[in-house]
Amino acid sequence: MSFADLSAVVLEPGLCTACGACSLACPADVIGFEGLEPVAAPNWTAADCGSCTDCLDACPGADPGTPEAEVRLFGRTRTDAERWLGVYTEVLGGRSARPEVFAASASGGSITALLQATAAELGVTVFLTMGRDAASPWRAAPSLTEDSAHLVETAQSTYQLAPYLNELRTVYRDAPSARVAMTGTACHIQAMRKLQAMDTPIGRWARDHVVFLIEPACSSSTRPEGTVSIVETLARLPLESVTRLRYREGEYPGAVRIRTADGAEHEVEFWRAVRDLARNKTHRCLSCGDWVSGLADVSVSDGDPNIFAASLGEGRAAKHGRVFVRTQTGARVVAAAAEQGLFEHWPIDLSGLNLGLERKRHRRTDYERSGKPIPLGPIPGYHEQIEVISDERLISPGGAE
């Protein structure tokens, strides 16, 4: 009854992250997606699942499995002081050393640079990143590539949900000897760590062949309808005219840039887009307890503490990322990227507000007090003790001041 259990525990309470882990983990390959919703094959019966619980075991929706993964990775769980940033060995300022990557990036290209370094350092042959749907270029879709140069095209942040991890089933089926590096938000990383702990054929494959995980910090993602609203309402363009869309293109901190079939380029200021995106969140994203999972080899946040204010022209910082090095593999890749001339880094401190983290903290606190079904946080029983500031107020000009 595994899919029925997944429905009861995760789907019906609105805790699905749309990460695609259930589809990837399913040994019978009977789970697909309709939009963001996992669905069983039309002819599915409970007999197809039997006593199998693999989809629910890999799912991070209700239980991200953070404490267990931390023990496997670090030999301990995080302390209360590490609640939001997790366990790490050092934090660096970083940016790509390649002009084309730096220019294409949202916050300096650290993720792209480190992914590129894994080819020579870890023997990676396949990269999983978030790209765009070929038929609907405004829609997010997973991208598999064997060419590290192609990563420049998927270098920017993508503020849109899409089934993601199930794309790795193609690699598992068609190129099982491949070595994979992937980027993903907190839920993707949590799901992959859960899968890697499973004693199943695909769990063992993931443990041996998904060799590098890197994550961007995530305040929350959004339904595709958020992007549709930006295109149709803010930019006033027909959706079918879009041939290319990037969320943070151009002069830092970037704007939503939309190319249409007539070759014209259109821009929407990032601060305006953020307000529209905020109205198109899922319950799971809004109630999420993680800015970063803390379970990737490396985590990266925007170096600018408040890109919303920067989009309004207030106090812009130089374009760069904050790079949290967590595992030995992460440290090895950071060093290799610098040696390969792909990555520049320098020591920094963590002082100052980060708007994305503050939005996450305040929303999570509000949901912890709401009595609604919410995913487990990384520290069992931990609850924030802060006065909640609304998300609308945090992303208004002037913020919480």
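The values are calculated or read from the model by the stated rules, or taken from the named source; none is laboratory data. In this text the structure is predicted, and so the values were computed from the model without any measurement. Here Cβ is always computed from backbone atoms with ideal geometry, including for glycine, and neighbour counts include all displayed protein chains. The accessibility values were calculated without ligands, DNA or RNA, using every heavy atom of the protein model including side chains. Shrake-Rupley method; radii C 1.70, N 1.55, O 1.52, S 1.80 Å.
What to note about this one:
- Net length gained if the chain between Ala120 and Arg72 were fully extended (0.36 nm per residue, minus Cα distance): 14.7 nm
- Taking 25 °C and 0.890 mPa s as conditions, the stretch 20-169 diffuses translationally at an estimated 134 µm²/s according to Stokes-Einstein applied to its Kirkwood radius (Cα pairs).
- Fully extended contour minus Cα-Cα distance, from Glu339 to His383, at 0.36 nm per residue: 11.6 nm
- Shape analysis of the chain yields a ratio of the Cα radius of gyration to the Kirkwood radius, Rg/Rh, of 0.94.
- Spin-label model distance (nm) - Asp262 vs Asp349, 7 Å beyond Cα toward Cβ: 5.3 nm
- Computed accessible area, Glu265, all protein chains, 1.4 angstrom probe, square angstrom: 90 Å²
- Packing-based order for 163-170, 178-185, 337-344, 238-245, using average beta carbon neighbours within 10 Å, highest first: 178-185, 163-170, 337-344, 238-245
- Fluctuation leader among Ile202, Ile374, Ile348 - the chain, Gaussian network, Cα springs under 10 angstrom: Ile348
- Those lysines that a straight Cα-Cα span of less than 18 Å connects to Lys360, excepting residues fewer than 8 apart in one chain: Lys281, Lys372
- Legend: calculated FRET efficiency, Ala318 to Glu392, from the Cβ-Cβ distance at R0 = 41 Å, rounded to 0.05, equals 0.90.
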